[in-house]
1. Being over 33 Å from the mean Cα position of the chain (by Cα) and either surrounded by fewer than 17 Cβ atoms within 10 Å (Cβ to Cβ) or not assigned by TED's automatic domain parsing to the domain that holds Ser159 (or both): is that true of His50 here?
2. Being under 30 Å from His163 (Cα atoms), surrounded by fewer than 23 Cβ atoms within 10 Å (Cβ to Cβ), in the same structural domain as Cys445 (by TED's automatic domain parsing) and among the small types (Gly, Ala, Ser) is true for just one of Gly287, Gly310, Gly266. Which residue is that?
3. Looking at Ser413, Ser429, Ser439, Ser454, can you tell me which residue is modelled with pLDDT of 95 or more, in contact with a Gly (Cβ under 9 Å, 6 or more places away or on another chain), in the same structural domain as Gly354 (by TED's automatic domain parsing) and among the hydroxyl-bearing types (Ser, Thr, Tyr)?
4. Quick check: anything in segment 251-258 acidic (Asp, Glu), in contact with a Lys or Arg (Cβ under 9 Å, 6 or more places away or on another chain) and in the same structural domain as Asp367 (by TED's automatic domain parsing)?
5. Is it the case, given these coordinates, that Val37 is within 30 Å of Phe173 (Cα to Cα), surrounded by 15 or more Cβ atoms within 10 Å (Cβ to Cβ), touching a Ser or Thr at 6+ places or on another chain (Cβ under 6 Å) and assigned by TED's automatic domain parsing to the domain that holds Leu195?
6. One residue is enough: does segment 37-44 have a residue meeting the conditions without any contact (Cβ under 8 Å) to a residue 40 or more places away in the chain and outside any strand (DSSP E or B)?
7. Of everything in segment 45-63, what is of a type in the set (S, T, N, Q) and over 18 Å from Cys340 (Cβ atoms)? Give them in sequence order.
8. So how many residues does segment 415-440 have that are crowded, with 22+ Cβ neighbours inside 10 Å and of a type in the set (Lys, Arg)?
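The values are calculated or read from the model by the stated rules, or taken from the named source; none is laboratory data. Small disclaimer: the values here were computed from a predicted structure and weren't measured. Here the Cβ positions follow ideal geometry from the backbone for every residue, glycine too, while neighbour counts run over all protein chains shown.
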Amino acid sequence: MIPIHNIQKALAAALSGGGDFAEIFLEDSLSNNLSMVGGRIDSATTDRLHGAGIRIYKDLGSVYVHTSRTDLSGLLRAAKQAADAVGRAKETQGAITIADTPVCCEQIPVRRAPSDIAHTRKREYLAMAHAAAKGMGDAVAQVRCILGDKVQKVWVYNSKGLHAHEVRTRTRFVVHVVASNGHENQTGLETAGRLGGYELFDRIDPEVLGRDAARRALTMLEAGLCPAGEMPVVIAGGFGGVIFHEACGHSLEATSVALGNSEFCGKLGLSIASPLVTAIDDGTIPGAWGSIAMDDEGTPAGRLVLIEQGVLKNYMVDRLNGRRMDMPVTGSARRQSYACAPTSRMRNTYIAPGDSDVAEMISTMGDGLYAKRMGGGSVNPVTGEFNFSVSEGYLVRDGKIAKPVRGATLVGSGAKVLERIDRVGKDLSLADGICGSISGAVPVCVGQPTIRVSSMTVGGLEG
C-alpha cells in the first residue's frame with residue numbers, strides 16, 4: 001500500500017505539464033503455473049509482478065508511462081516524464097485530495113485460496129486429467145495439462161479524488177491432446193477457468209476434461225474432409241460464442257468506434273441483427289472467468305445490453321474514448337497489467353437464450369454443417385469480415401447428423417451473421433478464453449446457446 005500523500009504528490013506532478021486529468025494504476029500480482037507432459041511435471045513457475053502506470057489526459061489526447069518503482073521517487077520520475085510529454089508546464093498546480101479509505105470492490109469470497117493448495121494436490125489434478133486422456137486409446141500421442149492461478153491486487157487513484165481497490169483471484173485448468181495415426185495429427189482442447197480459487201474443482205472433473213479433449217482429437221483423426229459451399233450452419237453453445245466475440249464484439253468496443261474503425265459506427269438505435277438476437281456484456285456474473293468488480297479505471301462493473309431484439313443499444317466505453325464520443329463510461333476499461341494503458345474491452349459477452357429446440361434446428365435445416373466446437377480465426381474489425389476454423393464439425397444430411405468432418409472454416413461478416421440467425425436455443429453456456437488487444441491479454445468469457453445461421457460460406461478441404 002502506497003501512502004496517500006505520495007499518490008497526491010505524484011498526481012500533482014503528472015498534471016504539472018498542463019494535463020486536465022491524471023490517473024495512477026497500481027498492481028501487485030502473484031501467479032503460479034504447473035505443466036505436465038507425458039505424465040511428468042514439465043515446468044513449474046511462480047511470477048511476481050509489481051508496478052504502477054501513470055496516465056494523463058489533455059483534451060482528447062493521452063500519455064501513459066509505467067514503472068516498476070513505486071516509492072515516491074519512482075512515481076515522481078514517471079509522473080514528470082508523462083507531464084513533459086503532455087506539453088507546457090503550468091505555473092501553479094492546485095492540491096489534489098484523495099480519499100484515505102478506498103472503495104473496496106470485492107467479488108464472491110475465495111473459499112480455497114491458491115496459497116492454501118499444496119503442490120502435491122495440484123499435481124494430482126494434472127495426473128487425473130493426463131491418465132484419463134491417455135486411457136482413451138493408443139492413438140493418443142501426447143497429453144499436456146496446465147494448471148494456473150493468479151492473485152492480482154489493483155488500486156486506482158485519479159485527480160478527481162478516486163481511490164478504489166480490488167483483489168482478483170483466478171484459477172484455470174487446460175488439457176491439450178494430440179492424436180496421431182502415424183500419418184497425420186489432430187488436436188483436442190478443453191479448458192475451465194473461474195474467478196475464484198480452487199473451488200473450481202468443486203465444479204469440474206479433471207478426468208472428464210481429459211477424456212473430452214482426447215475424444216475430440218480422436219474423432220477428428222477419423223473424420224473425412226469437409227465439403228465447401230454455401231449452407232445453413234448450426235453453431236453449438238459455449239465457445240461457439242467466439243464468433244460473436246470476435247466478429248461483432250470488438251466492433252462494439254469504443255476502442256474501434258471512437259476512431260471510426262467499426263462497421264457499427266453511428267448505428268445506435270438501429271436494427272443490426274435478427275430480432276431473435278439479444279447480446280450482453282456482463283462483468284458481474286459470480287465466479288465467471290471474465291468477471292470484475294470494477295474495471296481498471298475504478299468504475300464499477302455492470303451488466304450492459306449491447307443488442308436488444310436486434311437493435312443496437314450500447315457500445316462498451318472507457319474513459320478516454322468516452323471523451324471522444326461524448327458518452328458515459330460503462331465499466332469496460334481493461335488492461336493486462338500496469339505496463340498497459342487501459343481501453344474498452346469485453347468481459348463476459350454472450351448471446352442471450354431464446355426458445356428454440358436444438359433437435360428441431362438440426363432436423364429442419366436440410367443439408368448443412370453442425371459446428372460443435374469452434375477454433376481460432378482472424379477478423380478485420382473495420383469490416384467485420386472473419387475466417388474461423390471449426391475444431392469439431394459434423395455434416396448434416398436431410399436434417400440428420402451424418403458424419404464428422406475436418407478442415408471446415410466459417411467465412412463471412414459479423415453484420416451478415418447477425419442478420420441471418422433464424423434460431424436461438426435455450427441452452428446458454430459460457431466458455432473461458434484469453435482475448436488480446438491493444439491493452440494486452442485479458443481473461444474473458446464467450447458464450448451463447450446453440451444458434452442456427454440460415455446461410456453461411458463454409459470453406460473446406462473437399463470440393
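1. It is false that His50 is over 33 Å from the mean Cα position of the chain (by Cα) and either surrounded by fewer than 17 Cβ atoms within 10 Å (Cβ to Cβ) or not assigned by TED's automatic domain parsing to the domain that holds Ser159 (or both).
2. Gly287
3. Ser429
4. Yes, segment 251-258 contains a residue that is acidic (Asp, Glu), in contact with a Lys or Arg (Cβ under 9 Å, 6 or more places away or on another chain) and in the same structural domain as Asp367 (by TED's automatic domain parsing).
5. Judged against the criteria, Val37 is not a match.
6. Looking for residues that are without any contact (Cβ under 8 Å) to a residue 40 or more places away in the chain and outside any strand (DSSP E or B), one finds none in segment 37-44, hence no.
7. Thr45, Thr46
8. Total meeting the criteria: 1.
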